[in-house]
Amino acid sequence: MKHSNSPLLSWIGRRVWPLVALIVPLGAIALFGGTGSIVFQREVTTMMMYMVVVVGYYIFVGNSGVTSFGHISFMIIGAYTAALLTLTVQQKIILLPDLPSFLADVHFGFVGGALLGAVVAAVFAAVIALPINRLTGISLSLAMFAILLTVNVIVSHWTSVTRGVTSMFGVPQSTTLGSAFVFASITIVAAWMFQWTRVGLRMRAAREDEPAARAVGISIPRDRAIAFILSGFFVGLGGALFAQFLGAFNSDTFYISTTLLTIAMLVIGGFKSLSGAVVGTVFVSALDAGLRRMEDGFALGPLEVGSRPGLSAVGLALCMLLVLVFRSEGLTGSREIPSLWRLRRNETPPADTLPAPATDRKDVS
Amino acid sequence: MSSSFIARGVHVDFDGIKALDDVDVELREREVLGLIGPNGAGKTTLVNVLSGFQRLDEGSMQLNGANVTGWSPYRLARRGLARTFQGARLFKGLSVFENVEVGALGVGVGRREAKARAESLLSLLGLYGQADMPADSLAYGGQRRLEIARALALRPQFLLLDEPAAGLSELESDEMMSAILDFKKDSDCGVLIIEHDMRVIMSLCDRVHVLNYGKTIKVGTPAEVRADEGVLTAYLGVGGNQDA
Ligand SMILES: Nc1ncnc2c1ncn2[C@@H]1O[C@H](COP(=O)(O)OP(=O)(O)OP(=O)(O)O)[C@@H](O)[C@H]1O
Ligand SMILES: [Mg+2]
């Protein structure tokens, strides 16, 4: 590892470089995707949107160390909000005749729909943030699952606003590969910046050792609530992008299978690092797309393999199992991209303090 | 008004075992109070009570005259109370530097100030050269010193140390004590230290509080405590692994 005496260089090496190392390859994938077939373009765009969701999910899970099984509820809220805001007034008269007028009479473009979807999801997150974050561990994970079930039931039955189990359709399909990449990059930058803020650092400390964190004055629920709201914003943004990509969806589009897929992405990459979230999303998206293509049957040299429905689900589950067993910290080992160089700190302490530390460990009596 | 941290009539029961039985303890500004007693005497339990980690079944606590009975650890920390744990508890995945920085951030200090505190405390405890290493890569002695640096980053009014020198070599233990004294030179901090090594207790402490089976059996100067019959029998009677 090289050392540097310049704080600016050190800052670039530690804080800017890892971000560049994540976003530039992603940009390359986007460019490459743009040259491919329509199907391939859609696959890459889908990956970029999942990037927004998974990195948003990571903001809470990675920093707190607590899993949530209900984050997709933010995605649902983001998706429906974006749909309701980007449908034209005429479309809404036909599709949703009983819509309250404050929704029926408004119309937003792509970015407005995306951002407002995110904001509404964040507001919902803010409402439940404090009670939810009084819980810890598995209680929190399951409480979030209950939230997901509840949101799903509401969306399925609130026909006047969501069209219930019948499809919401006609949403302008404005999410492109380029815009999805831009939003993915913004999400990655935000997650990276957040984990170096005071709140982010305190949360990661509490993740490592709760009692020690409380002993230094950290209010764990409050810090977690902040990350929870930010996380809700970005997962909501992902939902809003999906709505404007698919054009049509219903109350089951973002539910259990989406939950499992995004958890797989985070866990397989390594849930305690942003690099893990990014790498996991790319890896699982590629795997998923590959397996899906093989589901329709494929040729292995001279061997013809017939249609294998369910191959992608099984492949994903198997992959997650392998990672959990053999590499529990994920493909990245939950580490970030290493710094380019370190700030050279004074190797010898000032003269009036202690001599260099002895390193021998003696057994505790 | 000089600061004080007082607990009165503290009772803690663990399923019928009286871990603490009517204990009064008082910490004063600038003073080092030694807390000694055989294994299982209730020393750690008392530190847990004082730092808000252990609920008291009876009793009250006052910090600078304000009633702080039943306060949670993080509120007490923000009121100027710092502690270390028996067997170090570090933020293992964070760097040595971040461990100390978080100590200051926890009590609401600004970023710049937190970094400045970390710089100076790491040199005080001889860890400056390892600042960028992960905390769990430190040798045991380094981990113990890091925990103290983190506690000092709170700029506490009262500091509770649970066997900070346990498992250290004599040299390391001396270094640690001189670092604590160094810090105390320009601070009004009151310190409570649990320690089995009588040599350390005698040289460091202004007063010594002796517990046995959850009861206070003596409070006095080191010389008074050493001369006390009851203290001697308590130690000899239990015959644990005392260094005294
Ligand atoms: N959480 C707990 N549940 C039940 N009993 C406990 C608990 N913590 C401590 N005890 C008991 O309370 C008594 C006092 O324990 P404590 O850890 O305070 O002793 P100590 O003086 O710190 O001992 P040591 O010198 O071994 O650290 C012991 O009998 C111990 O077994
Ligand atoms: Mg103890």
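The values are calculated or read from the model by the stated rules, or taken from the named source; none is laboratory data. In this text the structure is predicted, and so the values were computed from the model without any measurement. In this analysis, Cβ positions are derived from the backbone assuming ideal geometry, glycine residues included, and neighbour counts consider all displayed protein chains. When the accessible area is computed, the model is the full protein with side chains, heavy atoms only, and any ligands, DNA or RNA have been set aside. Shrake-Rupley method; radii C 1.70, N 1.55, O 1.52, S 1.80 Å.
crowded, with 16+ Cβ neighbours inside 10 Å, away from every other protein chain (no Cβ under 13 Å) and in contact (Cβ under 8 Å) with a residue 24 or more places away in the chain - does that describe any residue in the range B:47-55? Before you say what the answer is, go through the steps one by one.
Of the range B:47-55, the ones crowded, with 16+ Cβ neighbours inside 10 Å are B:47-54.
With away from every other protein chain (no Cβ under 13 Å) added as a condition, the list becomes B:49.
Then drop every residue that is not in contact (Cβ under 8 Å) with a residue 24 or more places away in the chain, which leaves B:49.
Within the range B:47-55, one or more residues are crowded, with 16+ Cβ neighbours inside 10 Å, away from every other protein chain (no Cβ under 13 Å) and in contact (Cβ under 8 Å) with a residue 24 or more places away in the chain.
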(message) If a residue must be over 14 Å from the mean Cα position of the chain (by Cα) and either buried (at least 24 other Cβ atoms within 10 Å of the Cβ) or hydrophobic (A, V, I, L, M, F, W, C) (or both), how many such residues does the range B:154-171 contain?
(response) 2
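If you check A:Arg204 against the conditions, is it within 14 Å of chain B (Cβ to nearest Cβ), within 25 Å of A:Thr281 (Cβ to Cβ) and modelled with pLDDT of 95 or more?
On the way: within 14 Å of chain B (Cβ to nearest Cβ): yes; within 25 Å of A:Thr281 (Cβ to Cβ): yes; modelled with pLDDT of 95 or more: yes.
Here the answer is yes, as A:Arg204 does meet what is asked.
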(request) Filter the range B:21-54 down to the residues that are within 24 Å of A:Ala213 (Cα to Cα) and more than 10 Å from ligand 2 (Cβ to nearest atom), then identify the one that is farthest from the chain's Cα centre (by Cα). (result) B:Gln54
(message) Suppose we keep only residues that are open to solvent by 20 Å² or more (accessible area, probe 1.4 Å) and touching a Gly at 6+ places or on another chain (Cβ under 7 Å) within the range B:61-74. Which one would you say is farthest from the other protein chains (Cβ to nearest Cβ)?
(response) B:Trp71
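Do we find that B:Arg55 is more than 9 Å from ligand 1 (Cβ to nearest atom), more than 30 Å from B:Asp186 (Cα to Cα) and part of a loop (DSSP other than H, G, I, E, B) in this structure? It would help to see each step written out before you state the result.
Details: more than 9 Å from ligand 1 (Cβ to nearest atom): yes; more than 30 Å from B:Asp186 (Cα to Cα): yes; part of a loop (DSSP other than H, G, I, E, B): yes.
Criteria met by B:Arg55.
Look at B:Ala114 and say whether it is within 19 Å of A:Asp223 (Cα to Cα), free of Cβ contacts under 8 Å to residues at least 40 places away in the same chain and part of a helix (DSSP H, G or I).
Values: within 19 Å of A:Asp223 (Cα to Cα): yes; free of Cβ contacts under 8 Å to residues at least 40 places away in the same chain: yes; part of a helix (DSSP H, G or I): yes.
The answer is yes for B:Ala114.
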(message) Residues to consider are A:Ser339, A:Ser365, A:Ser334, A:Ser328; find the one that is at pLDDT below 60 and part of a loop (DSSP other than H, G, I, E, B).
(response) A:Ser365
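At pLDDT 95 or above and either more than 16 Å from ligand 2 (Cβ to nearest atom) or open to solvent by less than 10 Å² (accessible area, probe 1.4 Å) (or both), is that true of B:Ala77? Before the answer, list the steps.
Details: at pLDDT 95 or above: yes; either more than 16 Å from ligand 2 (Cβ to nearest atom) or open to solvent by less than 10 Å² (accessible area, probe 1.4 Å) (or both): yes.
Yes; evaluated as a whole, the condition is true for this residue.
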(request) Please work out if B:Glu170 is more than 16 Å from ligand 2 (Cβ to nearest atom) and free of Cβ contacts under 8 Å to residues at least 40 places away in the same chain. (result) yes
(request) Please list, ordered by first then second residue, the pairs with beta carbon atoms under 7 Å, 6 or more apart or interchain, first in the range A:245-257 and under 10 Å from A:Tyr80 (Cβ atoms), second assigned to a loop (DSSP other than H, G, I, E, B). (result) A:Phe249/A:Ser167; A:Ser251/A:Gly164; A:Ser251/A:Val165
(request) Go through B:Asp188, B:Asp132 for me and flag whichever is closer than 18 Å to B:Phe5 by Cβ, away from ligand 1 (no atom under 16 Å from the Cβ) and open to solvent by 20 Å² or more (accessible area, probe 1.4 Å). (result) B:Asp188
(message) Show the residue pairs meeting these rules: Cβ distance below 6 Å; 6+ apart or different chains; first residue within the range B:25-41 and more than 14 Å from chain A (Cβ to nearest Cβ) and away from ligand 1 (no atom under 16 Å from the Cβ); second residue assigned to a loop (DSSP other than H, G, I, E, B) and open to solvent by 60 Å² or more (accessible area, probe 1.4 Å).
(response) B:Glu29/B:Ser2; B:Glu29/B:Asp188; B:Arg30/B:Asp188; B:Glu31/B:Asp206; B:Val32/B:Asp206
(request) Report the residue count in the range A:169-186 for those that are assigned to a loop (DSSP other than H, G, I, E, B) and of a type in the set (A, V, I, L, M, F, W, C). (result) 2
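Within the range A:208-224, does at least one residue satisfy the condition of being closer than 25 Å to A:Ile147 by Cα, open to solvent by 30 Å² or more (accessible area, probe 1.4 Å), within 19 Å of the chain's Cα centre (by Cα) and not acidic (Asp, Glu)? Show your work before the answer.
Of all residues in the range A:208-224, those closer than 25 Å to A:Ile147 by Cα come to A:219-224.
Filter once more, keeping what is open to solvent by 30 Å² or more (accessible area, probe 1.4 Å): A:221-222.
If we keep only those that are within 19 Å of the chain's Cα centre (by Cα) as well, we get none.
No, the range A:208-224 has no match at all.
Of everything in the range A:128-162, what is in contact with a Leu (Cβ under 8 Å, 6 or more places away or on another chain), of a type outside the set (A, V, I, L, M, F, W, C) and crowded, with 19+ Cβ neighbours inside 10 Å? Give them in sequence order. Before the answer, list the steps.
Of all residues in the range A:128-162, those in contact with a Leu (Cβ under 8 Å, 6 or more places away or on another chain) come to A:132-133, A:143, A:160-161.
From what's left, of a type outside the set (A, V, I, L, M, F, W, C): A:133, A:160.
Answer for the range A:128-162, where residues must be in contact with a Leu (Cβ under 8 Å, 6 or more places away or on another chain), of a type outside the set (A, V, I, L, M, F, W, C) and crowded, with 19+ Cβ neighbours inside 10 Å: just A:Asn133.
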(request) From (1) part of a loop (DSSP other than H, G, I, E, B); (2) under 20 Å from the mean Cα position of the chain (by Cα), pick out the condition that doesn't hold for B:Leu122. (result) (1)
(message) Among (1) surrounded by fewer than 19 Cβ atoms within 10 Å (Cβ to Cβ); (2) within 12 Å of ligand 1 (Cβ to nearest atom); (3) not hydroxyl-bearing (Ser, Thr, Tyr), there is one condition B:Glu113 misses while meeting the rest; what is its number?
(response) (2)
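Out of the residues in the range B:131-146 meeting the condition of being assigned to a helix (DSSP H, G or I) and facing another protein chain (nearest Cβ under 8 Å), tell me which one is nearest to B:Leu63 (Cα to Cα).
Top of the filtered list is B:Arg145.
Looking at A:Val171, A:Val127, A:Val182, A:Val123, can you tell me which residue is in contact (Cβ under 8 Å) with a residue 60 or more places away in the chain, over 17 Å from A:Asp223 (Cβ atoms) and β-branched (Val, Ile, Thr)?
Values: A:Val127 fails: in contact (Cβ under 8 Å) with a residue 60 or more places away in the chain; A:Val182 fails: in contact (Cβ under 8 Å) with a residue 60 or more places away in the chain; A:Val123 fails: in contact (Cβ under 8 Å) with a residue 60 or more places away in the chain.
Of the residues listed, the single one that is in contact (Cβ under 8 Å) with a residue 60 or more places away in the chain, over 17 Å from A:Asp223 (Cβ atoms) and β-branched (Val, Ile, Thr) is A:Val171.
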(request) May I ask you to list the residues in the range B:85-109 that are of a type in the set (Val, Ile, Thr), surrounded by fewer than 24 Cβ atoms within 10 Å (Cβ to Cβ) and more than 7 Å from every other protein chain (Cβ to nearest Cβ)? (result) B:Val109
(request) Would you point out the residue of the range B:1-24, among those that are more than 17 Å from B:Val210 (Cα to Cα) and away from ligand 1 (no atom under 16 Å from the Cβ), that is surrounded by the fewest Cβ atoms within 10 Å (Cβ to Cβ)? (result) B:Met1
(message) Contact list please: Cβ distance under 7 Å, first residue in the range A:266-280 and among the aromatic types (Phe, Trp, Tyr), second residue assigned to a loop (DSSP other than H, G, I, E, B) and modelled with pLDDT under 95, pairs at least six apart or on different chains.
(response) A:Phe271/A:Gly330; A:Phe271/A:Ser334
(message) Out of the residues in the range A:1-51 meeting the condition of being among the hydroxyl-bearing types (Ser, Thr, Tyr) and open to solvent by 30 Å² or more (accessible area, probe 1.4 Å), tell me which one is modelled with the lowest pLDDT.
(response) A:Ser6
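Evaluate the following for A:Leu115: is it assigned to a helix (DSSP H, G or I) and open to solvent by 20 Å² or more (accessible area, probe 1.4 Å)? Outline the logic, then answer.
Working: assigned to a helix (DSSP H, G or I): yes; open to solvent by 20 Å² or more (accessible area, probe 1.4 Å): yes.
Answer is yes for this residue.
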